[in-house]
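Everything below concerns the one structure shown next.
The values are calculated or read from the model by the stated rules, or taken from the named source; none is laboratory data. Because the structure is a prediction, the values reported are computed rather than measured. So basically every Cβ, Gly included, is an ideal-geometry build from the backbone, and we count neighbours across all protein chains shown.
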Amino acid sequence: MSEAEHFARLLRELKERAGLSYGALARRLHTSTSTLHRYCNGEALPAEFAVVDRFARACGATQGEAVDLHRAWLLADARRRAGTAAQPVPVPVPEPESVPAPEPVAEPEPTVVVAPEPEAAPVARGAWYRRRAAVVAAAGVTAGAVAVALLAAAGPDRGAPPAGGSRGTGQGASAGTSAPVSPGPGSASAPAATDVPEPTSPAGSAGPSGATAPAPGRTSMSPSAPGRAPVVPLKAAVRSHVWTAGCDHAYLSERAPGSVSPPPVEADAPAWASAQGAVHAGSQIVEVTLHGTGEGAVVLEDLEVRVAARRKPPAWNVYQMSQGCGGGLTPAAFAVNLDAPRPLARPVAGNDGGNPLPAPAFPLRVSASEPVVLRVEAATTGCDCDWSLDLRWTGPSGSGTLRIDDGGRSLRTSAATGRPVYGYALEQGRWAR
């Protein structure tokens, strides 16, 4: 039985036990009956875990059943990503202003998001902004799901080393190519660099810690036995367009409001941003789903931040994706202040309806049956930054470093303080301040 079939069987068992029809359950989940029928038959997989969580609660699932359902969805989603990784990614072509933007291809979406960086100033909102309540996840279900996704091994706390050097023994391999990623905002033209990029150690040279610095785009390991070909025991799926609570995010674009397409749903954000030449405004949430490829477990040792370039933020317009949303869940994550001289990935505790969620801590264990999801939120109030992450790992065959970026390109986040802010007025069908 495949991962998708196993997930669908769990859905059917919960539905049949609850005695709910497809129509009644679809109304509770705010989805169509046909879509729900495809989920339960294994013909489709929910793009967001929030749908799965609502399904479990509507059917009266226990905490243990909800955890099993979360694990099954993660494995099925990872299998789907791996199966589509080799497919070519079409490059979206912007349409003329008089022609609607092309319908983008939906990507699978994450289920938990990251709280904003405390040091980053939030983007100002206009008069169009209206708040609405959104119920996210019950405390017991969320706590159990996080316990499954993050298995922390006991050990002393570790601080992240300086971004200029790596303590790992291997060299970096781009993780952004593990899943199809539409050409992101990094492809948009950037202003000329005005600041000196943060110093990094060249490949093969010793960094401040005395270890060999990773070289982007390569995979190198310290094998456990001589003569054995090194094998990277990890697969990673990187998502660089994760929105707070699944609805709140902002982008910078050089285009005038009349030339910008209406805001997309979160799943279509990469194609929309590419078509508008947009970059992340103020903050960016990156989600990395990791699972092992061999029989043994892999230990994730540390996460290091590398800033490749800092520029003056472009004087573009800010386009807010939502007219207000909220929720009772603040996930635990790693927070990064890109304005710091040497940014660090700092663990931050979360909160679920008043129940604290512990901050993630390295080392973490990951295997083929127990995936791990890392969430990182980077924020800036002063630069247009190109950056990436290096994940150091150790496994049965050796050790190495996994480069986390946007499909081989640097991630890009730009400050948006003082820029004009636009929100989309649905009743008028246009962007307005």
Go through the residues of segment 288-311 one by one and say whether even a single one is in a loop (DSSP other than H, G, I, E, B) and under 16 Å from the mean Cα position of the chain (by Cα). no
Looking at Arg218, Arg228 in this structure, which one is in the same structural domain as Val299 (by TED's automatic domain parsing), modelled with pLDDT under 50 and either assigned to a loop (DSSP other than H, G, I, E, B) or surrounded by 20 or more Cβ atoms within 10 Å (Cβ to Cβ) (or both)? Arg218
Scan Leu45, Leu75 and give me the residue that is surrounded by fewer than 21 Cβ atoms within 10 Å (Cβ to Cβ) and not in a helix (DSSP H, G or I). Leu45
Sole exception among (1) assigned to a loop (DSSP other than H, G, I, E, B); (2) under 27 Å from the mean Cα position of the chain (by Cα); (3) hydrophobic (A, V, I, L, M, F, W, C); (4) modelled with pLDDT of 85 or more for Leu20, by number: (2)
Of all the strands (runs of 3 or more DSSP E) wholly in segment 355-433, which have at least 2 residues that are of a type in the set (Asp, Glu) and out of contact with any helix residue (DSSP H, G or I) (no Cβ under 8 Å at 6 or more places or on another chain)? 384-395
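Table: residues versus (1) at pLDDT 95 or above; (2) of a type in the set (Asp, Glu); (3) out of contact with any Phe, Trp or Tyr (no Cβ under 6 Å at 6 or more places or on another chain).
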{"residue": "Thr293", "(1), (2), (3)": "no, no, yes"}
{"residue": "Ala297", "(1), (2), (3)": "no, no, yes"}
{"residue": "Glu304", "(1), (2), (3)": "yes, yes, yes"}
{"residue": "Arg311", "(1), (2), (3)": "yes, no, yes"}
{"residue": "Met321", "(1), (2), (3)": "no, no, yes"}
{"residue": "Pro331", "(1), (2), (3)": "no, no, yes"}
{"residue": "Phe334", "(1), (2), (3)": "yes, no, yes"}
{"residue": "Gly350", "(1), (2), (3)": "no, no, yes"}
{"residue": "Gly354", "(1), (2), (3)": "no, no, yes"}
Show the residue pairs that are 6+ apart or on different chains and have beta-carbon atoms under 6 Å apart, the first residue being within segment 6-23 and of a type in the set (Ser, Thr, Tyr), the second being part of a helix (DSSP H, G or I). Tyr22/Thr33; Tyr22/Leu36; Tyr22/His37
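Give me a count of the residues in segment 31-41 that are over 14 Å from Ala56 (Cα atoms) and within 25 Å of the chain's Cα centre (by Cα).
Total satisfying the criteria: 2.
Looking only at segment 391-428, how many residues end up being farther than 19 Å from Gly292 by Cβ and in contact (Cβ under 8 Å) with a residue 12 or more places away in the chain? I'd like the intermediate steps shown before the answer.
Narrowing segment 391-428 to residues farther than 19 Å from Gly292 by Cβ: 405-428.
Among the residues that remain, those that are also in contact (Cβ under 8 Å) with a residue 12 or more places away in the chain are: 405-417, 419-426.
So the count comes out to 21.
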